[in-house]
Every structure is written in structure tokens, then in C-alpha cells.
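The values are calculated or read from the model by the stated rules, or taken from the named source; none is laboratory data. Because the structure is a prediction, the values reported are computed rather than measured. Cβ sites come from the backbone with ideal geometry, for glycine too, and all protein chains shown count toward neighbours. What goes into the accessible areas is simple: the full protein's heavy atoms, side chains included, and nothing from ligands, DNA or RNA. Shrake-Rupley method; radii C 1.70, N 1.55, O 1.52, S 1.80 Å.
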Amino acid sequence: MVGAKKTYNFCSGPAMLPEDVLLKAQAELLNYQNQGDSVMALSHRSDAFLEILAQAQQRLAALLDLPDHYRILFMQGGASAQFSAVPLNLRQNNLPIGFLDSGYWSQKALEEAQKYAEVDVIASSQSSGYLKAIEQADYQLSKPLSYLHYTPNETIDGNAFYCIPNNQLPNGQEVPLVADMSSCILSEPIDVSRFGVIYAGAQKNIGPAGLAIVIVREDLLARSQQNQQAMPRLLNYATVVEQNSMANTPPTFAIYMANLVFQWLQQQGGLEVIQQRNQAKAELLYQAIDSSRLFVNNVEKNHRSKMNVPFSSQNAELDAKFAEQAQQQGLISLQGHRSKGGLRASIYNAMPYQGVEALVQFMKSFENQYV
Ligand code: PMP
């Protein structure tokens, strides 16, 4: 938290934002660059806001090393609206939609998609209790699909893919790959050219809740055009591209904040530097869990998420006590998701190494007290 007592927020989202970003927003809040009013009250058609939007697009493109044939869209409704938008835009010729099911959010995306098209679960790690993601060897695509959807980082289950899944048919053709990157976007460099669509809710690594970032390969916009009449206008990618993300009043403040976060990431040295920091934080925390006499994390080691780390003492009362005492020490929001219980530390880009050190220290003192 800025100003008062130092706290570290481990919430899975809305998550902590870099302190420098919050301070800049605070300094500009009442009078944005001498415009005479807050950025929240600027017309979305004003030059000042159009400049913010253009900067946000350019900075994100630079961070991702975005190839020219991709478009960046700012949309509303978080990632869940994209669970509907993706099938409505990309469904094609009655072809099924393929899903790699690696956890809670894969399931949510799948449940929504099957309202609009046939879905085909190509591989699932459900039988492992979602203690792993999916490996290349777990499946082979055998028939055409509208697209193949997966969740590279499962925010609740705490598992992650460590390579981009195979989207090739036996004849060598590729089906478009769609990724819900809500909880891992901008945490490391990615090869965007491997994807048809990438989407992410903003409230973890990008900015305030409500905004979703969508990255679409240009050729897929033809499908959006074909499907235009049979879907909500605000969810149609071709319309949003045509209107430069202003098909209605956009979430201007969230876009302003995202732009500041993109600038901050560039100032840190870009995604390679961020990746190294995230690796160091995750190593520190997993090492503490693995050497603990109290806490466990059962996710397969090579599938462990670097962003969301579930752990537990395997005693619900003790877990609750831990979360409560941690909160009193300024280590906020460590309780696990309501569907799963236990504990979880989300350690996105804005979480400093010192925050994880403080958590590890507290885990040790708690362990000494209760074991
Ligand atoms: N996908 C993933 C991977 C998520 O972690 C979340 C939110 N935690 C969602 C989708 C849903 O996001 P939203 O609440 O923005 O709709």
C-alpha cells in the first residue's frame, strides 16, 4: 500500500499495482496534464484520451514484440465476456471447438462455449485433480476444429503449461490457437505469432478490473465479419477493430492505468527482466514450501505456476489462522479460492521480491509456533 504501513497484497485479482504507477496516477488524478480535469472526466474523443489509447497500444505492442498482422483490442466485461466472445467470433462451418482442460477456468470457458457450438475436450488433466497441465504427448489433433482453446496458467489450481501446445493436424495444417492469459500475460516474453487470439482480464498484471485485452490475428477478423449478425455488436472483434476500441464509451480510466503499467514494464527493462524476477520470486516461495514441515503444494514440479502458488497445512483451521495472522502482519489476502480452500499466494509482476521474502519469513515463524 502506498503511504501508510507497508503491506503486501497476495490477492489473485484485483491484484496489487506497482507503487510508482499508483503515485503517478495520484499526482495526475485531479488535473491530467493541465487539461483542467481528471482523466476520468476527459471525453474519449478528446485528443488527450486518444493519445493515451494510442500510447497504450504502442507500448503493449512493443512489450510483446507484436507482429504487424495482429491487432490489439481494449474490451469490457473482463475475461468472462471473452468466454462468450471467442466462440461467437471464431466458430466456423459447424466445426467443433477443441478444449485443453487443465482446471477451473478451462472449465468455465468450455461451459460457456458449448452454448454456441459443439465442444470437444481434446485432453484433460481432471483425473490428476488438476495437479498438472497438459503435455504435448497427452494428445494428437485428428480432425479440423474451429479453434483450440487452452489456459496457460490456471489461477486457482496453480498449474501452468511450460510450452505452447501443439495445434497441428496430421496433414500439417494448423488450427487457430486461443489462449486465456488472464493470470500470466506480460509475466514473460511470448511468441505471439503462434496464436490466433490471446485474451486476458486486466486485473492481475495490467490494471484495474473491468478491462480485457484481446490480441487477434488479422485474418481471423473475416470470421468475425461473417458472424456479425448473430452476436452482440460490442463483442464483435471486427467492429471493435473498426471503431478503434471505441464501439461505445470505453473504460477510459482503466485504459489510462494500463498505459501507465505498460510504461512501468518498459522502464523495468521489458519482459525478459520481469521473467527473471518472477522466476526468482517463485523459486523462493516453492523452496520454502518444499522444505517446510507444515505446508505442502502438490502440483507436479514441472507444471507449477509462477504466478499463483496454492499451499496448505492440510488443516482448514490452521490455514484460516495463518491467513488471519498474516493479514495482521500486512500480508494480505492469502486465503485460497472459495471453491478449493487452503491458501494461495498470487505473486504477479507488481509483487516485489521483498514481499515474497516477508511471506516466507512469516511462514517459518508460523511453522515454529504450530509444529
Ligand atoms: N480466466 C482466468 C485464468 C482467471 O484467472 C479469471 C479470473 N480470476 C477469469 C478468467 C475470469 O476473469 P473475469 O473475472 O475478469 O471475468
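Filter the range 51-87 down to residues that are touching a Phe, Trp or Tyr at 6+ places or on another chain (Cβ under 7 Å) and open to solvent by 10 Å² or more (accessible area, probe 1.4 Å) and give me whichever is nearest to the ligand (Cβ to nearest atom).
ALA79
Check ASN297 against each of (1) assigned by the TED database to the domain that holds ASP191; (2) surrounded by 20 or more Cβ atoms within 10 Å (Cβ to Cβ); (3) not small (Gly, Ala, Ser) and name the one condition it does not meet.
Looking at each condition in turn, ASN297 falls short on (1).
Name the one entry in SER313, SER291, SER305 that is open to solvent by 10 Å² or more (accessible area, probe 1.4 Å) and touching a residue at least 12 places away in the same chain (Cβ under 8 Å).
Working: SER291 fails: touching a residue at least 12 places away in the same chain (Cβ under 8 Å); SER305 fails: open to solvent by 10 Å² or more (accessible area, probe 1.4 Å).
Answer to the check: SER313.
Exactly one condition in (1) in a loop (DSSP other than H, G, I, E, B); (2) modelled with pLDDT of 95 or more; (3) open to solvent by 10 Å² or more (accessible area, probe 1.4 Å); (4) more than 11 Å from the ligand (Cβ to nearest atom) is not met by LEU221; state its number.
(1)
How many residues does the range 124-150 hold that are open to solvent by 10 Å² or more (accessible area, probe 1.4 Å) and touching a helix residue (DSSP H, G or I) at 6+ places or on another chain (Cβ under 6 Å)?
1
Taking the conditions exactly as written (among the hydroxyl-bearing types (Ser, Thr, Tyr) and without any contact (Cβ under 8 Å) to a residue 40 or more places away in the chain), does THR252 satisfy them or not? Lay out the reasoning, then the answer.
Details: among the hydroxyl-bearing types (Ser, Thr, Tyr): yes; without any contact (Cβ under 8 Å) to a residue 40 or more places away in the chain: no.
Taking the combined requirement at face value, the residue does not satisfy it.
Surrounded by fewer than 17 Cβ atoms within 10 Å (Cβ to Cβ) and within 14 Å of the ligand (Cβ to nearest atom), is that true of GLU118?
Values: surrounded by fewer than 17 Cβ atoms within 10 Å (Cβ to Cβ): yes; within 14 Å of the ligand (Cβ to nearest atom): no.
Answer is no for this residue.
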